[in-house]
Amino acid sequence: MAHEAFGPPLRETLSRWKREQAQLKASVIDHDTEAWQQKTDFTGLFRVGGVDISFIKGDDVRACASLVVLSYPELEVLYEEHRMVNLTAPYISGFLAFREVSFLVDAIQRLQKKKPDLMPQVLLVDGNGVLHHRGFGVACHIGILTDLPCIGVAKKLLQVDGLKNNDLHKEKIQHLKTGGDTFPLMGDSGSILGMALKSHNKSSKPLYISVGHKVSLETAVHLIQACCRYRIPEPIRQADIRSREYVRRTIELANSQEAEKERGPQRQREMQSPTVSPARVLQESAGEERPSENPCPGQSYEILGQSSEAPS
DNA sequence: GCGACAG
DNA sequence: ATCTTGTCGC
């Protein structure tokens, strides 16, 4: 019974996705645009966001999309939201955004509506930014769709543009001495696509940092370093930990409700009259509104209404 | 046939 | 991504 949850990736779909990446790539800003980025101590930076999606072992469709916002420099959780979603695309290297991005953008939109004051000033994204087959990874994709400064944080080297995780690369990793040490990742094209960063004094594996949107590589590396209590920067780490916890509790609740149903359906109705949704019970900060249809995902720019144009 | 393959 | 306990070390 090994049915694939998603149809085979059609060549036409991949080519459409490539065209969309190429088109959106033109809008990426790969330098600092925010005032707080100018100061070496990040004065004026108060909120750093992290996003992550957690999966269920035997389930190719259901997943938990999470957004957290941490204070800076304290790195304490100010906001979190977790939501079970139904994935519509498989994981294909180079096309991660088409699997994950719409759910993460939705979470940002709900935050904007509910608690605009908690909107993060920069978003850390699991995966790559411009360090990508076509220079437009998931961190760039989220950045363009939300207009937020974004940084790509990958745990493994994506071997593109001549970059290889070979002996030479491993040797460079060995040479990283203390937390904050880096070496550049230069592609065959000659441009620096990202940086390998030893984010913690005792972590043998580096992080691979790249520009997503509205931040320079230098600032990105500096900020990631400043957000690391452990190897994984705290915003992403908290999103990951809390997302898994939400999945675990959701499964437990679903199982207990299933057992209850089999044991006595009619008694169940008598005992707990108002049926409460798992999301409501487990996460009070979950979004309030009904799941709404997004008419054309991926087509909306400036979703947060942050257009800087002056009123006419 | 072999290697690569962010999450 | 996910499955998983202990184990070694600071």
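The values are calculated or read from the model by the stated rules, or taken from the named source; none is laboratory data. No experiment lies behind these values; they were computed from the predicted model shown. Counting neighbours? That spans all protein chains shown, and the Cβs are built from the backbone with ideal geometry, glycine included. With ligands, DNA and RNA removed, areas are computed over all heavy atoms of the protein, side chains included. Shrake-Rupley method; radii C 1.70, N 1.55, O 1.52, S 1.80 Å.
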| Estimated FRET transfer efficiency when R0 is 30 angstrom, pair residue A:71-residue A:230 (beta carbons, to 0.05) | 0.95
| query | So who's got an amide H within less than 5 Å of the one on residue A:44, skipping anything under 5 residues away but keeping other chains? H placed 1.01 Å off N, in plane. | reply | none
| note | Expressed in nanometres to one decimal, the distance between label points 7 Å along Cα→Cβ at residue A:112 and residue A:159 is 3.9
| Out-of-range pairs (alpha-carbon distance over 21 Å; input A:25/A:115; A:57/A:202; A:39/A:172; A:156/A:177; A:155/A:202; A:113/A:214) | A:25/A:115; A:57/A:202; A:39/A:172; A:113/A:214
| query | Counting only protein heavy atoms, what percent of the accessible surface of the range A:16-282 is carbon or sulfur at a 1.4 Å probe? | reply | 49
| query | Between residue A:13 and residue A:203, what is the spin-label point distance in nm, taking each point 7 Å from the Cα along the Cα→C-beta axis? | reply | 3.3
| field | Accessible area (Å², 1.4 Å probe, nearest 10) - residue A:170 | value | 100
| Can you give the relative contact order of the range A:107-176 as a percent, counting alpha carbon pairs under 8 Å and 6+ residues apart? | 25
| Signed unit charges on C-beta, dipole axis of the range A:16-282, positive-most listed residue A:51, A:70, A:143 | A:51
| field | Nearest-20 debye value, the range A:16-282 charge dipole, Cβ charges on Lys, Arg, Asp, Glu | value | 500
| By average Cβ neighbour count within 10 Å, what is the ranking of A:18-28, A:95-105 from highest down? | A:95-105, A:18-28
| message | Shape verdict for the range A:1-91, please, from the Cα gyration tensor: rounded (a/c under 1.5), prolate (a/b greater than b/c) or oblate. | response | oblate
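Would you work out the relative contact order for the range A:22-134, in percent, from Cα pairs under 8 angstrom that are 6 or more residues apart?
26
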| Surface per residue (accessible, 1.4 Å probe) for the range A:16-282, Å² | 49
| query | Which whole-number percentage describes the relative contact order of the range A:16-282, with Cα contacts under 8 Å and a sequence gap of 6 or more? | reply | 21
